[in-house]
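Inspection log for the structure reproduced underneath, given as structure tokens.
The values are calculated or read from the model by the stated rules, or taken from the named source; none is laboratory data. What you are looking at is a predicted structure, and each value in this text was computed from that prediction instead of being measured. Note that each Cβ is placed from the backbone with ideal geometry, even for glycine, and that neighbours are counted across all protein chains shown.
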């Protein structure tokens with residue numbers, strides 16, 4: 001498959017030549033306040049009401065028994081329980097900073113064993129706890145699972161599948177029961193944490209805040225931390241001060257990066273990516289294995305049955321490739337040079353990895 005403009009695989013962050021190295025951004029968009037952090041919650045629960053697409057694992061049956069006993073229902077024999085309509089799932093969510101009791105959260109549900117689908121299921125009451133082995137229940141989840149897809153099976157082994165149906169979400173499916181206190185200041189100072197640590201950006205935040213709030217009001221303590229002294233007149237109105245602080249715009253230094261997603265064949269190239277002059281050739285080797293059933297009749301005058309054997313045919317095909325010059329000083333140059341290779345996005349991912357390995361790619365390479 002030839003690609004003329006990389007419409008399906010190459011997303012360019014900046015296509016203009018000479019893209020600027022710095023960009024104005026709000027402090028609230030590039031920084032978080034130390035102490036105001038989200039927390040990950042987890043739990044294990046049961047999804048019921050499935051149409052014979054549940055677990056076949058024994059652990060799921062035992063989980064049913066524990067759930068029924070917790071609800072005051074005695075089960076005389078575990079053999080009376082079946083798991084076709086029940087699936088054991090992992091339940092996760094994120095508890096945001098400042099969340100109060102009664103706040104609703106979105107929940108993600110993932111099958112733990114061999115359930116075929118969670119479509120149409122309902123998650124029973126599940127306790128969500130924090131990291132580690134703590135016993136504190138921070139939220140309780142329950143509700144109908146939305147998988148955003150389906151499985152359809154027909155006779156003869158024919159099936160149709162849309163999206164991944166062994167996991168799903170419950171919008172607003174959890175209620176916060178226990179809030180986590182957030183301490184963001186000692187009354188005089190607060191600390192900004194850069195989401196993407198960078199010495200240039202930290203220094204820029206320090207300079208801007210010192211000009212606006214007064215000399216020595218801010219101190220960059222590293223690439224990812226800026227300490228801010230709260231003016232005395234604003235210490236009685238901390239919310240208002242933080243609101244104004246987050247709206248201040250500063251120049252940021254974006255990292256030079258190429259992001260690859262091998263699962264989807266997506267490539268994102270930053271505007272300042274540089275490829276040193278080099279030559280690249282990309283060839284594809286395709287191996288095809290064809291299996292044809294062949295009936296072998298029995299020998300004459302024998303009572304043997306006709307047997308069927310599989311006859312295999314193996315063929316290989318290698319696409320001819322030539323060395324092409326590749327270089328570029330901007331995202332536009334890089335796109336134009338790589339488009340000349342006429343390769344698929346997945347082949348281009350391999351080329352970027354090889355360029356990075358050889359030292360010809362002047363950018364960070366991140367694989368999702």
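Side notes on the structure shown:
- Any chance residue 245 is assigned to a helix (DSSP H, G or I), at pLDDT 90 or above and more than 30 Å from residue 346 (Cα to Cα): yes
Quick grid of which residues meet (1) without any contact (Cβ under 8 Å) to a residue 12 or more places away in the chain; (2) more than 30 Å from residue 144 (Cβ to Cβ):
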| residue | (1), (2) |
| --- | --- |
| 177 | no, no |
| 192 | no, yes |
| 195 | no, yes |
| 201 | no, yes |
| 217 | no, yes |
| 236 | yes, yes |
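- Complete set of residues in region 341-368 that are part of a strand (DSSP E or B) and either in contact with a helix residue (DSSP H, G or I) (Cβ under 9 Å, 6 or more places away or on another chain) or over 17 Å from residue 262 (Cα atoms) (or both): 361, 362, 364, 365, 367
- Test: residue in region 111-120 that is assigned to a loop (DSSP other than H, G, I, E, B) and modelled with pLDDT under 85: no
- Condition check for residue 64: without any contact (Cβ under 8 Å) to a residue 24 or more places away in the chain, touching a strand residue (DSSP E or B) at 6+ places or on another chain (Cβ under 9 Å), under 25 Å from residue 175 (Cα atoms) and surrounded by 15 or more Cβ atoms within 10 Å (Cβ to Cβ): yes
- Test result for residue 109, in contact (Cβ under 8 Å) with a residue 12 or more places away in the chain and touching a helix residue (DSSP H, G or I) at 6+ places or on another chain (Cβ under 8 Å): no
- Selection status of residue 76, more than 28 Å from residue 119 (Cα to Cα) and modelled with pLDDT under 90: yes
- Selection count, region 67-95, where residues are surrounded by fewer than 17 Cβ atoms within 10 Å (Cβ to Cβ) and either within 12 Å of residue 174 (Cβ to Cβ) or in contact (Cβ under 8 Å) with a residue 60 or more places away in the chain (or both): 2
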